[in-house]
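Beneath this line is the structure, given in structure tokens, with notes to follow.
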């Protein structure tokens, strides 16, 4: 498996509290992505990064922010968690955005907002 | 925005039967990738198709990319219990990677 680690792996938090999920890679890949996975919706892109301090929104970015101050770390923050953000969150990395670049996924973070 | 739809959403087959999942995009894709996610696991890359009309095989799995590069399919011949999981297609956009809704395959022994 590629060197990609998500933390925490599981978290239960209360509505209205801030939550930060961390994705750490040791591959020096340029591209990093945050997805959420919910039944019936597949993998939906939240935010992505194409370099240090270069980020952009995905299709479900409302309520989420990200930061990438170093190549190896991509943080996803829920400023004020809501029950609709209960989900499994996956981080992925890619060396490039062109063809012939597969994505490698972390193990996922299961977040429950109560 | 870019959208990729997959059908069916779920498929139950008897072991030994064939299985096919279809992926359709609203826009022309530069390439398409397929991933497999085992229950409780994370998506794992299977293959990438780039050329119009391309067909690739991996043992019992056959992947096709449509002539118009807007659709793709994954066919599994003679399913085995090890094939269970969710299969996703994915297309590349400008810097991003967007996934289809996935097809969950159950294989009944």
- prompt: over 18 Å from residue A:38 (Cβ atoms), at the interface with chain A (Cβ under 8 Å from one of its Cβ atoms) and either loosely packed, with under 15 Cβ neighbours inside 10 Å or out of contact with any strand residue (DSSP E or B) (no Cβ under 8 Å at 6 or more places or on another chain) (or both): does that describe residue B:30?
  reply: yes
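Determine, yes or no, whether residue B:79 is more than 21 Å from residue A:37 (Cβ to Cβ), in a strand (DSSP E or B) and at pLDDT 95 or above. Reasoning before the result, please.
Values: more than 21 Å from residue A:37 (Cβ to Cβ): yes; in a strand (DSSP E or B): no; at pLDDT 95 or above: yes.
So residue B:79 fails the test.
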- prompt: Would it be correct to say that residue B:91 is surrounded by fewer than 19 Cβ atoms within 10 Å (Cβ to Cβ) and either touching a residue at least 12 places away in the same chain (Cβ under 8 Å) or not in a loop (DSSP other than H, G, I, E, B) (or both)?
  reply: no
- prompt: Given the conditions (1) surrounded by fewer than 21 Cβ atoms within 10 Å (Cβ to Cβ); (2) within 12 Å of chain A (Cβ to nearest Cβ); (3) closer than 19 Å to residue A:44 by Cα; (4) in contact with a strand residue (DSSP E or B) (Cβ under 8 Å, 6 or more places away or on another chain), which single one is not true for residue B:24?
  reply: (2)
- line: All conditions in (1) over 19 Å from residue A:40 (Cβ atoms); (2) outside any strand (DSSP E or B); (3) within 14 Å of another protein chain (Cβ to nearest Cβ) are true of residue B:39 except (1)
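Among strands (runs of 3 or more DSSP E) lying entirely in the range A:1-101, which contain 1 or more residues that are farther than 30 Å from residue B:10 by Cβ? It would help to see each step written out before you state the result.
Values: elements: A:4-7, A:10-13, A:19-25, A:31-38, A:42-51, A:54-57, A:64-70, A:73-78, A:87-94.
Those strands (runs of 3 or more DSSP E) span A:4-7, A:10-13, A:19-25, A:31-38, A:42-51, A:54-57, A:64-70, A:73-78.
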- prompt: Any residue at all in the range A:102-111 that is surrounded by 20 or more Cβ atoms within 10 Å (Cβ to Cβ) and either out of contact with any strand residue (DSSP E or B) (no Cβ under 9 Å at 6 or more places or on another chain) or closer than 23 Å to residue A:16 by Cβ (or both)?
  reply: yes
task: Scan the range A:29-72 for residues that are more than 13 Å from chain B (Cβ to nearest Cβ), over 17 Å from residue A:94 (Cβ atoms) and surrounded by 15 or more Cβ atoms within 10 Å (Cβ to Cβ) and jot them down.
output: A:64, A:65, A:67
task: Write out, first by first residue and then by second, each pair whose Cβ atoms fall under 6 Å of each other, whose residues are 6+ apart or on separate chains, and whose first residue, in the range B:9-30, is at negative phi and assigned to a loop (DSSP other than H, G, I, E, B) while the second is modelled with pLDDT of 95 or more and loosely packed, with under 12 Cβ neighbours inside 10 Å.
output: none
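The values are calculated or read from the model by the stated rules, or taken from the named source; none is laboratory data. Treat the numbers as computed from the prediction; the structure is a model and nothing was measured. Positions of Cβ are backbone-derived with ideal geometry, glycine not excepted, and every protein chain shown enters the neighbour counts.
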